[in-house]
1. Looking only at the stretch 28-36, decide whether some residue is closer than 20 Å to Ala240 by Cβ and of a type in the set (Phe, Trp, Tyr).
2. Please go through (1) in a loop (DSSP other than H, G, I, E, B); (2) of a type outside the set (Phe, Trp, Tyr); (3) surrounded by fewer than 18 Cβ atoms within 10 Å (Cβ to Cβ) for Arg288 and return the number of the only condition it doesn't satisfy.
3. If Leu48 passes every condition in (1) surrounded by fewer than 14 Cβ atoms within 10 Å (Cβ to Cβ); (2) of a type in the set (A, V, I, L, M, F, W, C); (3) under 30 Å from Gly186 (Cβ atoms) but one, which one does it miss?
4. Can you tell me which residues in the stretch 130-157 are more than 15 Å from Leu218 (Cα to Cα), charged (D, E, K, R) and surrounded by 15 or more Cβ atoms within 10 Å (Cβ to Cβ)?
5. In the set Ile140, Ile109, Ile148, which member is in contact with a helix residue (DSSP H, G or I) (Cβ under 6 Å, 6 or more places away or on another chain), at pLDDT 90 or above and not aromatic (Phe, Trp, Tyr)?
6. Tally time: how many residues in the stretch 85-129 are among the charged types (D, E, K, R), crowded, with 17+ Cβ neighbours inside 10 Å and free of Cβ contacts under 8 Å to residues at least 40 places away in the same chain?
7. Against the condition among the polar types (S, T, N, Q) and either assigned to a loop (DSSP other than H, G, I, E, B) or not assigned by TED's automatic domain parsing to the domain that holds Leu169 (or both), how does Ser149 come out, does it pass?
8. Report whether or not Tyr245 is within 26 Å of Lys56 (Cβ to Cβ), modelled with pLDDT under 95 and among the aromatic types (Phe, Trp, Tyr).
Amino acid sequence: MVAIENSPEAVYFVDKERKILLWNKKAEEITGYRSEEVVNHYCNDNILQHSDADGKNLCMGFCPLVDSIKKGVPIYSKVYLRTKFGARIPVDIEVYPVFNEKNEVIGAIEYFSEEIGLKEIRQRIRELERKAYLDELTKIPNRRMFEISLNKFFKKFRETNVPFGLVFLDLDNFKLINDQYGHIFGDAALKVVAETLISNIKPNDIAARYGGDEFVILLEKINRKELKSFCKKLDALIKASAFKYKGTFIPVSASIGATIVNKSDNKRSLINRADELMLKAKASKKARPLVEV
């Protein structure tokens with residue numbers, strides 16, 4: 001038990017009914033939920049709400065824990081858990097059935113960990129904080145860092161001719177959130193989206209707060225098909241995230257526009273194009289997100 005409690009991986013144990021009986025320190029660190037907040041609750045009690053890359057709630061469909069308990073075999077998967085604060089982060093999970101002396105399944109134990117790339121990003125953010133390149137509210141790179149990074153991306157593009165992508169996001173109904181719930185919860189919505197963005201990019205990509213309720217992402221070495229796939233996934237994960245208001249999770253969403261750099265671009269033309277696509281996406285409920293073809 002001591003070894004599990006101090007494991008470098010997040011671990012929790014459930015009985016056959018998925019009642020949580022153990023929740024270790026690493027699980028607290030990754031999810032934000034303290035042990036006393038989850039032990040003796042059921043894992044489908046609106047706690048982690050694992051989803052797939054399309055934002056589909058796995059607790060209401062295919063659940064790795066349920067599958068492992070029913071089949072009596074280990075299950076390995078990648079899922080997106082919802083933290084206590086509402087962000088969607090990717091985790092690799094391993095689920096093992098637990099047997100009694102009669103070889104009957106009595107529950108399951110799940111190990112989950114943040115992806116290696118996400119750990120690298122968090123380390124880089126700690127370094128940026130020391131250099132005043134982080135947005136004070138959301139704790140992700142600020143506009144100054146984005147502009148420095150954009151210069152580097154352009155320089156590399158000129159040298160290698162390998163394209164990069166720019167994604168422009170704007171929260172939907174942000175004024176309404178502030179008016180209806182208050183500015184504290186408007187800030188919470190910004191933090192949730194920021195954490196979801198930073199958790200779902202590669203280590204060499206950059207996600208930053210551009211200003212107000214706008215965010216930007218620079219994606220290294222990407223083509224239009226990959227960009228479209230990334231934006232579709234990001235759109236689903238943002239919609240599957242939420243901020244907490246009086247014990248209830250309030251879903252958020254964002255309008256997304258994205259484009260690929262071309263040889264005639266400069267920084268302003270690239271940003272303007274992505275921004276215009278985002279505005280078109282916001283005006284159209286059918287074509288979201290909008291990726292330049």
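1. Among the residues of the stretch 28-36, at least one is closer than 20 Å to Ala240 by Cβ and of a type in the set (Phe, Trp, Tyr), which makes the answer yes.
2. Of (1) in a loop (DSSP other than H, G, I, E, B); (2) of a type outside the set (Phe, Trp, Tyr); (3) surrounded by fewer than 18 Cβ atoms within 10 Å (Cβ to Cβ), only one is false for Arg288: (3).
3. (1)
4. Asp135, Lys139
5. Answer to the selection: Ile140.
6. Step one: list which residues in the stretch 85-129 are among the charged types (D, E, K, R), which gives 88, 92, 94, 101-102, 104, 110, 114-115, 119-120, 122, 124, 126-127, 129.
From what is left, the residues that are crowded, with 17+ Cβ neighbours inside 10 Å are 88, 94, 110, 114-115.
Right, trim to free of Cβ contacts under 8 Å to residues at least 40 places away in the same chain and you get 94, 115.
Number of matching residues: 2.
7. So Ser149 does not fit the description; no.
8. yes
The values are calculated or read from the model by the stated rules, or taken from the named source; none is laboratory data. The model shown is predicted, which means the values in this text are computed figures rather than measured ones. Neighbour counts run over all protein chains shown; Cβ positions are idealised from the backbone, glycine included.
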